[in-house]
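The structure appears right after this line, and notes come after that.
The values are calculated or read from the model by the stated rules, or taken from the named source; none is laboratory data. Remember, it's a predicted structure, so these values are computed and weren't measured experimentally. Positions of Cβ are generated from backbone atoms using ideal geometry, with glycine treated the same way; all protein chains shown enter the neighbour counts. Note: areas computed on protein heavy atoms with side chains; ligands, DNA, RNA excluded. Shrake-Rupley method; radii C 1.70, N 1.55, O 1.52, S 1.80 Å.
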Amino acid sequence: MATSALAGELAPGLLERFVRYCRMDTTSARDRTGSPSTPGQLELGRLLVQELRAAGLADTALDPDGYVYATLEATVADAPVVGLLAHLDTSPDAPGAGVSPVVHPEWDGGALTLPRGGTVLDPAVEPGLAVKLGHTLVTSSGDTLLGADDKAGVAEVMTAVTWLAANPRAPRPTVRVAFTPDEEVGQGATLFDVAGFGADCAYTLDGSDVGELQDETFTAAEVRLVVGGVDIHPGFAYGTMVNAATVAAEIVAALPADRLTPATTRGRDGFIHVVSVAGDAVACEVHAIVRDFDDDLLAEHVQLLRSVADRVVADVPGARLAAFEATPQYPNMRRFLEPYPEIVRAAELAFRAEGVAPVRKPIRGGTDGSVLSARGLPTPNLWAGGHAFHSVREWASLDDMASAAAMLVRLCETWTTPELCGFRLARTAV
């Protein structure tokens, strides 16, 4: 059931938008050579520009790097400028072409057998599904992802600002809208025009459970190490060959298996995740991502990986560690948001106005807000209503999505109240 009358009013148009956006293939590419990394993101960006202009928003444009920007003018003077953001791309972890959304009205609680791929959503095993009895659910056909990450957020922002534009009596500050490319491959905020955006704060719509309010993320690093070997014809390899692929496999096998892996960690635990191992007897690369909420612990995890690699290579005469590169990916947003408690406070007030209890928990991942907060635009993350991201089991609750869109309307009104209207951000964009 929709949380409020406003959510109920917004739900039909939101569903139509969401399904339409999900059908567009906007899968991003890890081997990005330009922004955006794939042409489908530009296609969706162009569509959103058309829809924003039709709704009456000013300064609406798609820039050369694939970012969509627009402005909804204020109806209340002297309020801060507030940004609403979502990302255009979907994850390359599961197929994103040929998405065919399936709508399940007023779900009766039974297992959902999807039309393709033998995919079944069973409430007995699917996290979060069992509590959505009576909700209208949206799934894929079972052989692709759905795209709720983050087309749920895109549809919610579009629905909210379109409603606000059509209801000028509703109090609102100046609202800056942005849709970013390539968030799923860690590049969504790198080319974002923070100074030109000109907001005092912003919010991403990129969470799952209704009520999520997230102002803390992992700090993230990427590690790429290359093992060098000695190759020769295998028939004449005795005493000479040093197989780099075998040594790389030994490095991976020597990492802790009972801790510091995604499968053995939860809550505030960090991890080392080996993403891929690729190469041959001459050279083999191990690609890993390293995560923790504590910067010092993150550094320890990176050092552990380096120590294991050094030890294994040293034990194999002729092998060498040809490269070891640890690259920061995004920071924990917490320290950038702590100086501005008004930003989280405004979200909490908007949640409660929509009848939703705030749920504060850290993100075991990152959002565009991680980098944007570090670059001078404090940006916590809010719920969007999608679940089982990056998989063919992905699903979304229309009821929760409609509540998110209604919450955005209330969030805009909250920023016009005397308690918050005077908030301004010191401009330090980088």
Of the residues F324, F351, F389, which is in contact (Cβ under 8 Å) with a residue 60 or more places away in the chain and in a loop (DSSP other than H, G, I, E, B)?
F389
Subset of the range 84-97 that is surrounded by fewer than 24 Cβ atoms within 10 Å (Cβ to Cβ) and touching a helix residue (DSSP H, G or I) at 6+ places or on another chain (Cβ under 9 Å) - its residue that is nearest to G386 (Cα to Cα)
S91
Restricting attention to the range 315-336, and to residues there that are open to solvent by less than 30 Å² (accessible area, probe 1.4 Å) and in contact with a helix residue (DSSP H, G or I) (Cβ under 6 Å, 6 or more places away or on another chain), which single residue is modelled with the highest pLDDT?
A319
Report yes if A396 is in contact with a helix residue (DSSP H, G or I) (Cβ under 9 Å, 6 or more places away or on another chain), within 30 Å of V131 (Cβ to Cβ), among the small types (G, A, S) and part of a helix (DSSP H, G or I), otherwise no.
no
Take the conditions free of Cβ contacts under 8 Å to residues at least 60 places away in the same chain, farther than 30 Å from V230 by Cβ and in a loop (DSSP other than H, G, I, E, B) and apply them to P378. Does it pass?
no
Say we look at the range 50-65 and pick out the residues that are of a type outside the set (D, E, K, R), more than 24 Å from the chain's Cα centre (by Cα) and open to solvent by 40 Å² or more (accessible area, probe 1.4 Å); which of these is nearest to S28 (Cα to Cα)?
Q50
Which pairs do you get when a residue that is more than 30 Å from Q187 (Cβ to Cβ) and without any contact (Cβ under 8 Å) to a residue 12 or more places away in the chain, found in the range 90-112, comes within reach of a residue that is of a type in the set (S, T, N, Q) and assigned to a loop (DSSP other than H, G, I, E, B), reach meaning Cβ atoms under 8 angstrom, with the pair 6+ apart or on two chains?
none
Look through the range 25-39, keep the residues that are without any contact (Cβ under 8 Å) to a residue 24 or more places away in the chain and of a type outside the set (S, T, N, Q), and return whichever of them is farthest from P105 (Cα to Cα).
G34
Yes/no for A314 being farther than 25 Å from G365 by Cα and free of Cβ contacts under 8 Å to residues at least 40 places away in the same chain:
yes
